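In what follows, a single structure is set out as structure tokens and then discussed.
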Amino acid sequence: MLDKRMSSAEMVAQLSDGMTIGIGGWGPRRKPMALVREIIRSDLKDLTIVAYGGADVGMLCAAGKVKKLVFAFVSLDAIPLEPWFRKAREAGQVEVLELDEGMFQWGLKAAAFDLPFLPTRVGLGTDLAELGGLKTVQSPYADGEILIAMPALKLDAALLHVNRSDWRGNVHLFGADVYYDEWFAKAASKTFVSCEELVDRMEDHYPEQAQANIFERCFVTGVVEIAGGAHPSSMPPLYGPDMKAFKAYADAAREPGNWLEVSDRFVGASEADYLAGIGGKEAVMQTPLAIY
Amino acid sequence: MATLAELCIVACSEAFRGNGEIIATGVGPVPRLAAGLAKLTHSAELMMTDGEAYLVEDPVPLGPRGYDDRKPAGYLPFSRFFDSAVWTGRRHAMVTPTQIDRFGQINLSQMGGTHKQPKTQMLGVRGFPGNTIYHPNSFFFPAHGPRVFVEGEVDMVSGVGYNPAKRIAGGNYTAVDLRLIVTNLCVMDFGGMDNAVRVVSLHPGVTFDDVQSATGFTLVDAVQGETPLPTAEQLEIINRLDPHNIRTSVIKDNPPAHRSMG
């Protein structure tokens with residue numbers, strides 16, 4: 001049987017310096033944080049990160065892993081401004097391509113369909129096109145409309161955290177919103193998935209929930225079970241965002257303000273070490289869901 | 001006695017009057033309460049979410065509540081927000097950018113410095129470029145001043161305005177539709193010549209000169225009267241939608257609706 005199980009270290013070993021890596025989820029929600037932590041523990045560098053950003057982006061910037069960031073926002077919701085991302089930006093530490101949220105998913109779709117670009121009106125009348133070097137294209141039809149050509153956001157790899165998977169990469173994504181995880185998977189050459197629950201054969205366990213398979217296993221390269229793997233971000237319906245942890249993380253950006261002094265707390269020497277530091281996965285599962 | 005925040009909520013709710021079956025999005029306590037108030041009073045046809053992913057016919061109250069207290073009537077997650085609400089034009093958003101200029105261009109991304117190294121990094125442009133080219137938008141500012149209503153142009157144009165110099169020939173700008181600006185001083189719109197910003201009502205005790213001197217660009221005086229005070233029914237609904245009184249923290253010192261009473 002097709003078996004895509006691997007460790008998170010084996011996933012990271014398939015990445016290399018300079019790669020473009022997409023990270024699923026949205027702000028402080030459904031982020032594959034265990035995989036992000038594994039990247040921070042590795043020697044990888046000069047990455048281009050493509051994300052609807054939260055602490056994934058802040059941590060990778062703080063750890064010096066990011067050469068370029070493709071983003072529409074970076075936020076922790078209740079802490080609107082991601083402090084480590086701000087530090088990196090205000091130090092001029094990363095190159096950026098700033099996009100509108102809708103253009104961003106449009107670029108993933110262009111990549112998914114192997115198109116060079118998709119046309120959109122979004123970006124016209126703003127500074128985005130000039131700052132991002134985005135070109136225009138003219139409709140070849142009678143209307144002749146000038147549109148922004150949103151370039152494909154082709155990813156070398158995508159990282160996702162999902163509710164369930166089986167060994168073959170049949171994933172189930174549910175919860176109130178699954179954001180654009182499907183399109184990250186399809187835009188990427190390889191997609192690495194961590195999950196809350198791993199089963200051998202999905203059809204033997206959850207045949208009645210096949211509609212939660214929002215993208216197909218041909219888009220999945222590797223799977224690993226990491227319960228609590230989205231912490232401190234949320235993973236509905238299991239657990240909410242750990243705002244206490246986010247606050248400690250945000251406070252640390254001011255005092256001491258030096259990532260090297262605090263990375264042990266927020267990354268840990270290993271995932272087991274990290275989990276132990278936050279009270280174990282039981283503590284993660286007890287974090288209440290967010291009220292918006 | 002109504003507070004200034006409550007008066008602003010009522011003024012903001014007017015932006016959503018008669019909008020039809022569209023998604024009313026209010027970001028921040030005052031705009032959100034305004035959208036809920038509009039739906040529960042004059043515009044029941046409005047659609048809105050619980051702030052997460054579900055469409056609700058009863059606006060959800062602000063602040064802590066039971067996660068399952070919302071009663072979903074429909075579903076509008078971010079994963080289809082652009083398909084359904086934004087890029088179809090079926091939405092009216094009311095938001096609070098960091099800066100706005102005389103063209104209605106807004107900024108919530110960065111201030112000062114360069115794009116490579118801004119002096120102050122804020123949120124990023126979020127969905128503003130798409131919102132402003134596709135559907136109506138209104139604005140609420142709790143602290144009307146020249147650092148918000150800037151002289152010249154905003155530091156980073158995150159949302160489309162009526163600036164002819166920013167419009168590439170052949171682009172389609174027909175859906176650019178900036179409606180109301182409500183602040184702690186007044187209500188304004190873009191109804192002047194070439195969409196110039198004009199003051200259409202002053203909050204009780206505020207003069208046009210007060211507003212002009214708090215604004216970095218020249219305003220058109222089109223004042224038709226005083227911004228109405230909330231009615232008892234409106235206050236009751238606002239209270240119900242904001243059981244934790246989050247609205248009291250929006251405007252500095254939570255002043256009364258009438259300025260001279262402060």
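Here's a check for you: in the range B:106-127, which residue that is outside any loop (DSSP other than H, G, I, E, B) and without any contact (Cβ under 8 Å) to a residue 40 or more places away in the chain is surrounded by the fewest Cβ atoms within 10 Å (Cβ to Cβ)? Before the answer, list the steps.
As a first pass, look at the range B:106-127 and keep what is outside any loop (DSSP other than H, G, I, E, B): B:106-107, B:110-113, B:118-121.
When the remaining residues are screened for being without any contact (Cβ under 8 Å) to a residue 40 or more places away in the chain, the result is B:113, B:118-121.
Numbers: B:Gly113: 15, B:Pro118: 20, B:Lys119: 12, B:Thr120: 15, B:Gln121: 24.
Top of the filtered list is B:Lys119.
Here are some residues: A:Leu147, A:Leu115, A:Leu124. Which one is part of a loop (DSSP other than H, G, I, E, B), under 29 Å from B:Ile100 (Cα atoms) and not acidic (Asp, Glu)?
After ruling out the rest, the residue left standing is A:Leu124.
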Filtering the range A:1-33 down to residues that are farther than 15 Å from A:Tyr179 by Cβ, in contact with a Phe, Trp or Tyr (Cβ under 6 Å, 6 or more places away or on another chain) and assigned to a strand (DSSP E or B) yields A:Arg5
From the option list A:Pro241, A:Pro256, A:Pro232, single residue qualifying as closer than 27 Å to B:Gly63 by Cβ, out of contact with any Ser or Thr (no Cβ under 7 Å at 6 or more places or on another chain) and of a type outside the set (A, V, I, L, M) is A:Pro232
When (1) surrounded by 23 or more Cβ atoms within 10 Å (Cβ to Cβ); (2) more than 13 Å from chain B (Cβ to nearest Cβ) are applied to A:Ser189, the one that fails is (1)
Scanning the range A:111-123 for residues that are surrounded by fewer than 21 Cβ atoms within 10 Å (Cβ to Cβ) and away from chain B (no Cβ under 14 Å) gives A:Phe113, A:Asp114, A:Leu115, A:Pro116, A:Phe117
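Determine whether A:Val66 is more than 12 Å from every other protein chain (Cβ to nearest Cβ) and buried (at least 19 other Cβ atoms within 10 Å of the Cβ). Please lay out each step first, then the result.
Details: more than 12 Å from every other protein chain (Cβ to nearest Cβ): yes; buried (at least 19 other Cβ atoms within 10 Å of the Cβ): yes.
When the stated conditions are applied, A:Val66 passes them.
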Going through the range B:40-86 in order, the residues found to be assigned to a loop (DSSP other than H, G, I, E, B), free of Cβ contacts under 8 Å to residues at least 12 places away in the same chain and more than 9 Å from every other protein chain (Cβ to nearest Cβ) are B:Ala44
- Is there a residue being within 18 Å of the chain's Cα centre (by Cα) and either over 18 Å from B:Gly145 (Cα atoms) or crowded, with 20+ Cβ neighbours inside 10 Å (or both) anywhere in the range B:252-261? no
For the range A:115-140, pairs from a residue that is more than 19 Å from B:His135 (Cα to Cα) to a residue that is part of a helix (DSSP H, G or I), with Cβ under 7 Å and 6 or more apart or across chains, are A:Phe117/A:Ala110; A:Leu118/A:Trp106; A:Leu118/A:Lys109; A:Leu118/A:Ala110; A:Leu134/A:Leu128
Going through (1) surrounded by 21 or more Cβ atoms within 10 Å (Cβ to Cβ); (2) in contact with a Gly (Cβ under 7 Å, 6 or more places away or on another chain); (3) part of a loop (DSSP other than H, G, I, E, B) one by one, A:Gly169 fails only at (2)
Residue count, the range A:86-105, condition in a helix (DSSP H, G or I) and within 8 Å of chain B (Cβ to nearest Cβ), comes to 7
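Suppose the filter is assigned by TED's automatic domain parsing to the domain that holds A:Ala13 and farther than 27 Å from A:Asp156 by Cβ; does A:Ala210 pass it?
On the way: assigned by TED's automatic domain parsing to the domain that holds A:Ala13: yes; farther than 27 Å from A:Asp156 by Cβ: yes.
Answer is yes for this residue.
Would you mind finding the one in B:Gly74, B:Gly63 that is over 28 Å from A:Asp181 (Cα atoms) and surrounded by fewer than 16 Cβ atoms within 10 Å (Cβ to Cβ)?
Details: B:Gly74 fails: over 28 Å from A:Asp181 (Cα atoms).
Matching residue, one of B:Gly74, B:Gly63: B:Gly63.
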Taking first residues from the range A:198-217 that are surrounded by 13 or more Cβ atoms within 10 Å (Cβ to Cβ) and second residues anywhere that are among the small types (Gly, Ala, Ser), the pairs with Cβ under 6 Å that are 6 or more apart or on different chains are A:Leu198/A:Ser165; A:Phe215/A:Ala185; A:Arg217/A:Gly169
When every residue in the range A:75-93 that is free of Cβ contacts under 8 Å to residues at least 40 places away in the same chain and not acidic (Asp, Glu) is compared, the one surrounded by the fewest Cβ atoms within 10 Å (Cβ to Cβ) is A:Ala91
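Please pick out the residue among A:Gly54, A:Gly22, A:Gly27 that is of a type outside the set (D, E, K, R), crowded, with 24+ Cβ neighbours inside 10 Å and in contact with a helix residue (DSSP H, G or I) (Cβ under 8 Å, 6 or more places away or on another chain). If you could, list the steps in order and put the result at the bottom.
Numbers: A:Gly54 fails: in contact with a helix residue (DSSP H, G or I) (Cβ under 8 Å, 6 or more places away or on another chain); A:Gly27 fails: in contact with a helix residue (DSSP H, G or I) (Cβ under 8 Å, 6 or more places away or on another chain).
None of the other options fit; the residue is A:Gly22.
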The number of residues in the range A:199-245 that are more than 23 Å from A:Pro28 (Cα to Cα) and assigned to a helix (DSSP H, G or I) is 12
The number of residues in the range B:108-138 that are of a type outside the set (A, V, I, L, M, F, W, C), within 22 Å of A:Ala51 (Cβ to Cβ) and more than 8 Å from chain A (Cβ to nearest Cβ) is 1
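The values are calculated or read from the model by the stated rules, or taken from the named source; none is laboratory data. Here the structure is a predicted model, which is why all the values come from computation and not from measurement. FYI the Cβ positions are ideal-geometry reconstructions off the backbone, even for glycines, and counts take in every protein chain you see.
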